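I have placed the structure first, in the form of structure tokens, so that the comments after it can refer back to it.
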Amino acid sequence: MFTGIVEDIGIVELIRLGVVTQLGVRSERVAKKVSVGDSVCVSGVCLTVTSVDGARITFDAVPETLRRSTLRDLKPGDEVNLETSLRADGVIGGHFVFGHVDGIGRICSVRQVSDSAELGIQAPDNIIKYVVEKGSIAVDGVSLTIASVRESEFSVAVIPHTLAVTTLGKKKVGDHVNLEVDVIAKYVEKFLRYREANPGVTEDFLRQTGFL
């Protein structure tokens, strides 16, 4: 589990395609903190560390992970957001992020507001239904507050610090980003669907069973 507070920007050094794709990322800061078997959020995707060699961290990515995320488009030299997993005594600086990407969004607008920026993101239907104004969403692993929502798009305001310490500062129109909605929204939806399908004791139930 993560909180959407990026610790470092890593540089992709290795991509070895195969049944399981190997991804090598350089980050001195994160490499000092992780060991084999640890989880790291890589631009919003939870991956397991398979080796640490100096400043290079290597991960394995299965086809399902590549299919559902922008990791499939990475090439050597690309930058990725990195966050180590949340400790039990850690600070929750953003919101609960699991690293399970729900879908891929597309940057449809970038508007500079002084030193900050407002990003407009087009999202697929299975994601936009969970997006609410002032709610939380993870964009490439970065915890952000949703500023506005309309039809198939939403916007997020990104402060100067976040632009400087994450890859969001270099995003442009047409770029794709990994999206993970707040898991609470999905739990609420499932609960309501269950309640609708299983209404419990109703007037019709009492009548059918002879109590009315």
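What follows is calculated from the coordinates using simple rules that are stated; it is not laboratory data. Remember, predicted model here, so these are calculated numbers, not experimental data. Neighbour counts run over all protein chains shown; Cβ positions are idealised from the backbone, glycine included.
Annotations
- Gap separating the Cα centres of segment 47-101 and segment 128-174, nearest whole Å: 19
- Residue (of Leu86, Val158, Ile11) at the positive-pole extreme of the chain, dipole from beta-carbon charges: Ile11
- Cross-link partners of Lys33 among aspartates and glutamates, defined as those whose alpha carbon lies under 15 angstrom from its own and excluding same-chain residues fewer than eight positions apart: Glu7, Asp8, Asp53, Glu83.
- Of all the options Ser152, Ser39, Ser85, the one that moves most in a Gaussian network model of the chain with Cα springs shorter than 10 angstrom is Ser152.
- The chain: angle of helix 183-197 to the longest principal axis, Cα-based, in degrees nearest 10: 20
- Nearby lysines by direct alpha-carbon distance to Lys170 (threshold 21 angstrom, same-chain neighbours under 8 apart not counted): Lys75
- Candidates Arg193, Arg16, Arg106, ranked by Gaussian network fluctuation over the chain, Cα under 10 Å, top entry: Arg193
- Using alpha carbons only: equivalent-ellipsoid semi-axes of segment 8-84, gyration tensor based, whole Å: 18, 13, 12
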